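Asker: My questions will all concern the structure given below.
Derivation of every value follows stated rules applied to the coordinates shown; laboratory data play no part. Treat the numbers as computed from the prediction; the structure is a model and nothing was measured. When we count neighbours, we look across all protein chains shown, and the Cβ atoms used for this are built from the backbone with ideal geometry, even at glycine.
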Amino acid sequence: MILLLLGPPGSGKGTQAKKLSAEHGWPQLSTGDMLRSAIARGTSLGERAKTYMDQGALVPDEVVIGLIEERIKEKDCTQGFILDGFPRNVAQAEELDRMLGRQGRRLDQVVLFEISDPELIERLSGRRTCEKCSSMYHLLHSMPRQDQVCDQCHGRLLQRSDDQPDVIRRRLGVYHQQTEPLVGFYRGQKKLVSLDARVSPSAVAEALNQSLN
Ligand code: ADP
Ligand code: ZN
């Protein structure tokens, strides 16, 4: 199964991708996570990506395409994988189709996470992530037991540098301008199903599992 989770920043794709990955064994391929890991390791690719990410802009296509192209050749991807955060524009989507085609594979399904901008702004501005195990928390909806400390591993909870209000608004703008056209692209390929992403993570998970039949 090659599955794409499509939706705006903060719509919960990452949470659901992790859950599906644990249940089915398909790895989660998140270009955002790959780029943040490159930044944390201090690679030159990470350094280049950071300037774009901190502004809420897309990292150049060739960078993320290169990351994904290498990643899907790895052994754990042979039974399938979950794309989260890639493709983010039509050029990336066309390149994905080409790279899968070269391997005799195809994207099976696209699930669109639907939620409004005001709800996203509230979600993203309260979001905190554990610096050690990347567990996610929210200052309003899923507070850690102890202030700024991870329940799972006692790591420190940090706010992502691109979760600041002005950067959030720019990321939403980029989503509507560059990523949303993929809805029409995949509807045309008859691969798109959508779900209501405003509900609880477990309710989204249930809807997602139903759409996978
Ligand atoms: P979110 O979905 O919450 O915006 P991500 O972790 O998916 O977070 O992405 C964070 C940032 O990483 C994006 O704002 C962008 O700068 C960069 N990025 C991630 N994936 C891509 C991609 N496919 N193409 C270009 N830039 C990307
Ligand atoms: Zn933790």
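Asker: Among Tyr52, Ser30, Gly85, whose Cα projects farthest towards the positive end of the dipole of the chain, with charges put on the beta-carbon of Lys, Arg (+1) and Asp, Glu (-1)?
Answerer: Farthest towards the positive end: Ser30.
Asker: Let me ask another. Give me the one-decimal nm value for the distance between modelled label points at Ser142 and Arg41, 7 Å along each residue's Cα-to-Cβ direction.
Answerer: 2.7 nm
Asker: Mind checking which aspartates and glutamates have their C-alpha under 15 Å from Lys19, skipping anything on the same chain fewer than 8 residues away?
Answerer: Answer for Lys19, where 15 Å is the Cα cut-off: Asp84, Glu206, listed by chain and number.
Asker: From largest to smallest, what semi-axes in whole angstrom does the chain give when each is the square root of 5 times an eigenvalue of its alpha carbon gyration tensor? Numbers along the way, then the final one.
Answerer: Numbers: eigenvalues 131, 82, 65 Å².
Taking √(5λ) for each eigenvalue gives 26, 20, 18 Å, largest first.
Asker: What is the magnitude of the charge dipole of the chain about its Cα centre, with +1 placed on the Cβ of each Lys and Arg, -1 on the Cβ of each Asp and Glu, and no other charges, expressed in debye to the nearest 20? Please list the in-between numbers first.
Answerer: Values: 29 positive and 28 negative charges, 54 e Å.
Here the chain has a charge dipole of around 260 debye.
Asker: Could you tally the net charge around Lys191, taking each other residue with its Cβ under 10 Å from the Cβ of Lys191, Lys/Arg +1 and Asp/Glu -1? Write out the running numbers ahead of the final one.
Answerer: Working: positive: Arg106, Arg187, Lys190; negative: Asp108.
Within the 10 Å Cβ shell, the charges total +2.
Asker: Relative to the Cα centre, what is the charge dipole magnitude of segment 25-139, using +1 at the beta carbon of each Lys and Arg, -1 at the beta carbon of each Asp and Glu, and rounding to the nearest 20 debye?
Answerer: Charge dipole of segment 25-139: 400 debye, to the nearest 20.
Asker: Let me ask you something else. Give me the distance between the Cα centres of segment 80-99 and segment 146-179, rounded to whole Å.
Answerer: 23 Å
Asker: Which of His141, Ile72, Gln152 sits closest to the plus end of the dipole of the chain, meaning its Cα is farthest towards the positive end, when Lys and Arg get +1 and Asp and Glu get -1 on the C-beta?
Answerer: The one lying farthest along the dipole's positive direction is Ile72.
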